[in-house]
Amino acid sequence: MKFKAAFLVIAVLGMTYTSFAQSVTFGPRVGVNLAAQKAVGGDNKDERKDINETLKYNAGIQAGAVVNVAVNDLFSFQPELLFSQKGFKVKESEGGDSFELVRKASYLEVPVLAKFTFGTETLTGFSTMGPYAGYWMGGNESMKVNSTEMSEDIDFDEDDYNRLDVGASFGVGMAYKLGTGALNLDVRYNFGLSDVNKYDSNGRDGDPKISNRVFGISLAYLFGAN
């Protein structure tokens, strides 16, 4: 009887492990970002408008790892660990003079997404939504005035920047079963809620808040897809 009971426990644990293993997929993600910073709030509407017209989208990269934990055929949780480049571009010209400033800010980012899937076994569509948190690790600013170029690293000791970025992520995509896994095409919009600047106890004094905005398109290959 003891032997039968032990055998039954082992069998149940084995089936549980197999079921769990089949519900978890993982793999790499790589893609590109179009990032800018946007002004919101503040007392001066003209200032806010000028900032938003000046700060343009600039290209960066994203890369990292994905884990997807399926609850059922329709719903899953998807935490990720990503390197993500954000920032902005300013480009102006007047007369014969030109000016360009590009900031590339490197973030370590952790989105935790709810994923809703629909479709066939071979081809599925999905939507994602959820919060993300990022840490500004470093980056640089490059400037070009006419034909003169210069670049410098971002100095957090010298400038009052907020290195924590939190926000919301929304996306859609599709997955195609390929080999032992699935190839995922993902399009997202990250809406930053944090201010990239730090302020003293007096607050912003009516200045607008400057937050990250990122469009991203990426490919991920998730191993172990059913």
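The values are calculated or read from the model by the stated rules, or taken from the named source; none is laboratory data. All figures in this text were calculated on a predicted structure; none of them were measured in a lab. With ideal geometry, Cβ positions are generated from the backbone for all residues, glycine too; neighbour counts draw on all protein chains shown.
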- Task: Could you grab the pairs with beta carbons closer than 6 Å, sequence gap of 6+ or different chains, first residue in segment 41-62 and at positive phi, second one modelled with pLDDT under 95 and surrounded by 15 or more Cβ atoms within 10 Å (Cβ to Cβ)?
- Result: 41/208; 41/209; 42/48; 42/207; 42/208
- What number of residues in segment 131-164 are within 20 Å of residue 99 (Cα to Cα), among the charged types (D, E, K, R) and touching a residue at least 24 places away in the same chain (Cβ under 8 Å)? 2
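On the phi > 0 side of the Ramachandran plot and either in a strand (DSSP E or B) or loosely packed, with under 13 Cβ neighbours inside 10 Å (or both): which single residue out of 130, 125 fits that description?
130
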- Before we move on, is residue 87 on the phi > 0 side of the Ramachandran plot, modelled with pLDDT of 95 or more, part of a strand (DSSP E or B) and over 11 Å from the mean Cα position of the chain (by Cα)? yes
- Specify which of the listed residues (205, 195) is of a type in the set (Asp, Glu) and more than 20 Å from residue 85 (Cα to Cα). 205
- Message: Can you find a residue that is of a type in the set (Lys, Arg), more than 21 Å from residue 77 (Cα to Cα) and free of Cβ contacts under 8 Å to residues at least 40 places away in the same chain anywhere in segment 183-199?
- Response: yes
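Go through segment 105-130 residue by residue and tally those that are farther than 30 Å from residue 156 by Cβ and either aromatic (Phe, Trp, Tyr) or touching a residue at least 40 places away in the same chain (Cβ under 8 Å) (or both). Break it down into steps so the answer makes sense when it comes.
Of all residues in segment 105-130, those farther than 30 Å from residue 156 by Cβ come to 114-129.
Those left that are additionally either aromatic (Phe, Trp, Tyr) or touching a residue at least 40 places away in the same chain (Cβ under 8 Å) (or both): 115-119, 121-129.
Total meeting the criteria: 14.
So which residues in segment 45-59 are of a type in the set (A, V, I, L, M), under 21 Å from the mean Cα position of the chain (by Cα) and surrounded by fewer than 20 Cβ atoms within 10 Å (Cβ to Cβ)?
First, pick out the residues of segment 45-59 that are of a type in the set (A, V, I, L, M): 51, 55, 59.
Okay, now just the ones that are also under 21 Å from the mean Cα position of the chain (by Cα), so 55, 59.
Matches in segment 45-59: 59 only.
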- From the residues in segment 152-184 that are at pLDDT 95 or above and of a type in the set (Ser, Thr, Tyr), which one is surrounded by the fewest Cβ atoms within 10 Å (Cβ to Cβ)? 176
- Consider residue 33 against the criteria (1) assigned to a helix (DSSP H, G or I); (2) surrounded by 19 or more Cβ atoms within 10 Å (Cβ to Cβ): it satisfies all of them except one. Which criterion is unmet? (1)
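Each row is one residue, and each column tells you yes or no for (1) under 14 Å from the mean Cα position of the chain (by Cα); (2) assigned to a strand (DSSP E or B); (3) surrounded by 19 or more Cβ atoms within 10 Å (Cβ to Cβ).
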site	(1), (2), (3)
25	no, yes, yes
43	no, no, no
61	yes, yes, no
64	yes, yes, yes
77	no, yes, no
81	yes, yes, no
99	no, yes, no
104	no, yes, yes
108	yes, yes, no
- Task: Mind counting the residues in segment 138-189 that are touching a Leu at 6+ places or on another chain (Cβ under 9 Å), among the hydrophobic types (A, V, I, L, M, F, W, C) and farther than 22 Å from residue 224 by Cα?
- Result: 3
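Quick test for you: out of 142, 127, 93, 84, pick the one residue that is out of contact with any Ser or Thr (no Cβ under 6 Å at 6 or more places or on another chain) and farther than 30 Å from residue 178 by Cβ. Show your work before the answer.
On the way: 142 fails: out of contact with any Ser or Thr (no Cβ under 6 Å at 6 or more places or on another chain); 127 fails: farther than 30 Å from residue 178 by Cβ; 84 fails: farther than 30 Å from residue 178 by Cβ.
Result: 93 is the single residue among 142, 127, 93, 84 that is out of contact with any Ser or Thr (no Cβ under 6 Å at 6 or more places or on another chain) and farther than 30 Å from residue 178 by Cβ.
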